[in-house]
Amino acid sequence: MTSLRTVAIRVTGTRFQFPEASEVPSAMEEFGTWLNSPIEPPNTGAIIERAALAHLRFVTIHPFTDGNGRMARIILNLVLMRNGLLPIIIDPAIRSAYMAAIQNYQSPHQKKRVGEDFIRLIAELVSERLQIYLECGPAILPELAPETVERESFWLH
């Protein structure tokens, strides 16, 4: 198992000052407590916000010397899936928007870290994934085809 970093780090392309290595264990404990707290209110918007903020908070702590982005994306998808939403993929085509939203969150000019740009990006990706799922559903499970199922009776069971 990889242990928390014990050295200072710098990330190429950002001037953000990550927490000192000595601060990482307490930051991760606080992160874990927050991550496992109930999502209030338990609705789709709050779930997407929690998933996006989990990603942002994790990469801002940067607890490992390598693999923080990959782990943050896994955590993001874990939050989504634990709460009944589909996992997302950060496509290379949107990498610049993805990185800009993270850097905006980490900006020293950001007085209150809210991550609105990133939350919006993740919400769009969740919506796109759901649309793909709905379009492909009948091909995978013919019983989902509109002509086969009365919408109301299907969703009530």
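Would you say Phe58 is more than 23 Å from Leu134 (Cα to Cα), in a helix (DSSP H, G or I) and either touching a Pro at 6+ places or on another chain (Cβ under 8 Å) or in contact (Cβ under 8 Å) with a residue 60 or more places away in the chain (or both)? Break it down into steps so the answer makes sense when it comes.
Values: more than 23 Å from Leu134 (Cα to Cα): yes; in a helix (DSSP H, G or I): yes; either touching a Pro at 6+ places or on another chain (Cβ under 8 Å) or in contact (Cβ under 8 Å) with a residue 60 or more places away in the chain (or both): no.
Spelling it out, it is not the case that Phe58 is more than 23 Å from Leu134 (Cα to Cα), in a helix (DSSP H, G or I) and either touching a Pro at 6+ places or on another chain (Cβ under 8 Å) or in contact (Cβ under 8 Å) with a residue 60 or more places away in the chain (or both).
Look through Phe31, Phe64 and report the one residue that is in a loop (DSSP other than H, G, I, E, B), in contact with a helix residue (DSSP H, G or I) (Cβ under 8 Å, 6 or more places away or on another chain) and modelled with pLDDT of 95 or more.
Values: Phe31 fails: in a loop (DSSP other than H, G, I, E, B).
After applying the criteria, what remains is Phe64.
Go through Ser37, Ser3, Ser22 for me and flag whichever is outside any loop (DSSP other than H, G, I, E, B) and of a type in the set (S, T, N, Q).
Details: Ser37 fails: outside any loop (DSSP other than H, G, I, E, B); Ser3 fails: outside any loop (DSSP other than H, G, I, E, B).
None of the others qualify; the one that does is Ser22.
Name the pairs: first residue in the stretch 23-51 and within 12 Å of Ala123 (Cβ to Cβ), second residue exposed (fewer than 11 other Cβ atoms within 10 Å of the Cβ), Cβ to Cβ under 7 Å, at least 6 apart or on different chains?
Cβ pairs passing all conditions: Ala46/Glu40.
Among the candidates Ala21, Ala72, Ala54, which residue alone is in contact with a Phe, Trp or Tyr (Cβ under 6 Å, 6 or more places away or on another chain), surrounded by 13 or more Cβ atoms within 10 Å (Cβ to Cβ) and modelled with pLDDT of 95 or more?
Working: Ala21 fails: in contact with a Phe, Trp or Tyr (Cβ under 6 Å, 6 or more places away or on another chain); Ala54 fails: in contact with a Phe, Trp or Tyr (Cβ under 6 Å, 6 or more places away or on another chain).
Criteria check complete, one pass: Ala72.
The values are calculated or read from the model by the stated rules, or taken from the named source; none is laboratory data. Just so it is clear, the model here is predicted, and its values are computed rather than measured. Cβ coordinates were reconstructed from backbone atoms using ideal geometry, including for glycine residues, and neighbour counts include every protein chain displayed.
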